[in-house]
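The values are calculated or read from the model by the stated rules, or taken from the named source; none is laboratory data. Just so it is clear, the structure is predicted and the values come from calculations on it, not from any experiment. Neighbour counts run over all protein chains shown; Cβ positions are idealised from the backbone, glycine included. In case anyone asks, the SASA skips ligands and DNA or RNA and just uses the protein heavy atoms, side chains included. Shrake-Rupley method; radii C 1.70, N 1.55, O 1.52, S 1.80 Å.
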Amino acid sequence: MSSENQQPPKHRFETLALHAGQSPDSATNARAVPIYQTSSFVFNDAEHGANLFALKELGNIYSRLGNPTNDVFEQRMAALEGGVGALATSSGQAAQFVVAATLCEAGSNIVSTAYLYGGTYNQFKVAFPRLGIDVKFASGDSVEEIDSLIDEKTRAVYIESIGNPKYNVADIR
């Protein structure tokens, strides 16, 4: 998003962190986000169900596809980050996979520091190559070393904000 299109936030960060993406419940005036512990939702009629599945109408179909509780979280994260949308995943590993699958294809690569959580290292070293996505590992987290590994097939640079196992903080300015 370009700076000339950005609107100043209506609320401060602290307010967005507590309230973005959710309005008080009209039936109870509850302020807290309800936790919807359901896997499925009912349809008003067959046409309503058909419209939801055809994506002609917004609404809830099945919790694996979306859930009102997750929707509030996603809207809140988008508001806090100044984005147009967000996607909640069940784990960090799932989030990493979604990003890699979106940005990369067979033959492309990711450049990463080797200072990683073990599960991330294994995902990058074992799982991604099975999909044809190469991960080039820098031995440290210096900008120069990471930059030297970037080529025309690089689709992402990955560093953890606090590296593992050294607790290093990479200079990402």
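Only one of (1) under 22 Å from Leu87 (Cβ atoms); (2) open to solvent by less than 100 Å² (accessible area, probe 1.4 Å); (3) at pLDDT below 85 fails for Ala30. Which number is that?
If we test Ala30 against (1) under 22 Å from Leu87 (Cβ atoms); (2) open to solvent by less than 100 Å² (accessible area, probe 1.4 Å); (3) at pLDDT below 85, just (1) comes out false.
Inspect all residues belonging to the range 20-42 and state whether any of them is outside any loop (DSSP other than H, G, I, E, B), among the aliphatic types (A, V, I, L, M) and more than 30 Å from Arg130 (Cα to Cα).
Initial filter on the range 20-42 (outside any loop (DSSP other than H, G, I, E, B)): 40.
Then keep just the ones that are among the aliphatic types (A, V, I, L, M); that gives none.
Looking through the range 20-42, none of the residues is outside any loop (DSSP other than H, G, I, E, B), among the aliphatic types (A, V, I, L, M) and more than 30 Å from Arg130 (Cα to Cα).
Would it be correct to say that Thr102 is touching a residue at least 12 places away in the same chain (Cβ under 8 Å) and closer than 29 Å to Asp147 by Cα?
Working: touching a residue at least 12 places away in the same chain (Cβ under 8 Å): no; closer than 29 Å to Asp147 by Cα: yes.
No.
Restricted to the range 36-59, and to residues that are touching a residue at least 24 places away in the same chain (Cβ under 8 Å) and surrounded by 10 or more Cβ atoms within 10 Å (Cβ to Cβ), which residue is nearest to the chain's Cα centre (by Cα)? Let's see the steps before the verdict.
First, the residues of the range 36-59 that are touching a residue at least 24 places away in the same chain (Cβ under 8 Å): 36, 38-39.
This time we only want the ones that are surrounded by 10 or more Cβ atoms within 10 Å (Cβ to Cβ), so: 36, 38.
Details: Tyr36: 21, Thr38: 23 Å.
Residue satisfying both the conditions and the ranking: Tyr36.
In the range 72-93, which residue that is surrounded by 15 or more Cβ atoms within 10 Å (Cβ to Cβ) and among the charged types (D, E, K, R) is farthest from the chain's Cα centre (by Cα)?
Arg76
One residue is enough: does the range 114-132 have a residue meeting the conditions touching a helix residue (DSSP H, G or I) at 6+ places or on another chain (Cβ under 6 Å), open to solvent by less than 70 Å² (accessible area, probe 1.4 Å), among the aliphatic types (A, V, I, L, M) and over 30 Å from Gln37 (Cβ atoms)?
no
List every residue pair whose Cβ atoms lie under 8 Å apart, where the two residues are 6 or more positions apart in sequence or sit on different chains, the first residue falls within the range 74-90 and is among the β-branched types (Val, Ile, Thr), and the second residue, located anywhere, is surrounded by 13 or more Cβ atoms within 10 Å (Cβ to Cβ).
These pairs meet every condition: Val84/Ala78; Thr89/Ala95.
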